[in-house]
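Below you'll find the structure, written out as structure tokens, and then a few comments.
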Amino acid sequence: MTAAHVTLCFLLRNDAEGEHVLLGTKKTGFGSGKVVGVGGHVEPGETAVEAAVREVMEEINVVVRAADLVQAGTVDFIFPARPEWNMATTVYLTRTWIGEPSESDEIAPDWYPVARLPVERMWADAEHWLPAMIAGQRIAVQVDLAPDNQSVASVYTVAWSGS
Ligand SMILES: Nc1[nH]c(=O)nc2c1ncn2[C@H]1C[C@H](O)[C@@H](COP(=O)(O)OP(=O)(O)OP(=O)(O)O)O1
């Protein structure tokens, strides 16, 4: 698969009201208007974890350290009708950061209960892989989008081997 390499980084917070994940309303670019994870393209010369650290700072003004990011696995998004949109995503989770998430030009962040994700405002595929990763599964996922580039045609999940 020819695909852009991107990252997603999910901040997690467990409190009296249960497990919460930081998502954000995307204000610009790909997926504008959707509730998405924090992340973006891995730039030339960067590792995936370095890109995640940079994107978290740029998008929600929070410092995360590479050593505090736990890789949950990978998700390949395949858009058969628009192969130029294909993305190979490295997904990280973290419970440790510095600062309070705040809005940027790209993302308006908010905490969401993991048990009640705003699925109607997210990419349709997200509910097939995000709760599993947050629950601790380490998985490699392939999402095939439908010809409308929005609906899910199929989702394949295997154990992520760690490479
Ligand atoms: N089907 C899908 N489901 C999902 O949950 N996230 C998806 C997705 N397809 C793409 N994404 C995410 C992965 C990646 O973090 C993001 C797209 O990358 P970017 O935010 O970097 O794109 P933009 O074009 O807005 O920004 P630039 O990188 O500045 O060009 O969308």
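Taking K and R as +1 and D and E as -1, what net charge do the other residues with C-beta under 12 Å from the C-beta of TYR156 add up to? Can you show the working numbers first?
On the way: positive: none; negative: ASP76, ASP125, ASP144.
Around TYR156, the charge tally is -3.
Measure out, as a whole number of angstrom, how far apart the alpha-carbon centroids of segment 10-43 and segment 82-117 sit.
2 Å
Ranked by Cβ crowding within 10 angstrom, fewest neighbours first, how are HIS128, HIS20 ordered?
Sorted ascending by nearby Cβ count, the order is HIS128, HIS20.
Just want the ordering: ILE139, ILE98, from fewest to most Cβ atoms lying within 10 Å of their own Cβ. Intermediate results must be reported in sequence, preceding the final value.
Working: ILE139 16, ILE98 9.
Least to most surrounded, the residues fall as ILE98, ILE139.
Each label point is 7 Å from the Cα along the Cα-to-Cβ direction; what then is the distance between the points at VAL119 and MET57, in nm?
3.7 nm
Pop a pseudo-label 7 angstrom from the Cα along the beta-carbon direction at both LYS27 and GLU46 and give the gap in nm to one decimal.
1.9 nm
Sorted from largest down, give the three principal axis spans of the alpha carbons of segment 67-117, whole angstrom values.
Reported extents, whole Å, longest axis first: 39, 27, 25.
Rounded to the nearest 500, what is the chain's calculated 222 nm mean residue ellipticity when only DSSP H runs of at least 4 contribute -39500 (n - 2.57) each, over all residues? Could the numbers behind the result be given before it?
Values: 2 runs with 22 residues, N = 163.
Counting only the DSSP helices, I get -4000 deg cm²/dmol.
Across the chain, what fraction of all alpha-carbon pairs, as a whole percent, falls in each successive 10 Å bin from zero upward?
11, 42, 39, 8, 0
Under 13 Å from the Cβ of ASP144, count the other residues' Cβ atoms, weight Lys and Arg +1, Asp and Glu -1, and hand me the total.
-2
Bear in mind that the values in this text are calculations on the coordinates, not laboratory data. Being a predicted model, the structure only gives us computed values, none of them experimental. Every residue, glycine among them, receives a Cβ derived from its backbone with ideal geometry; neighbour counts consider all protein chains shown.
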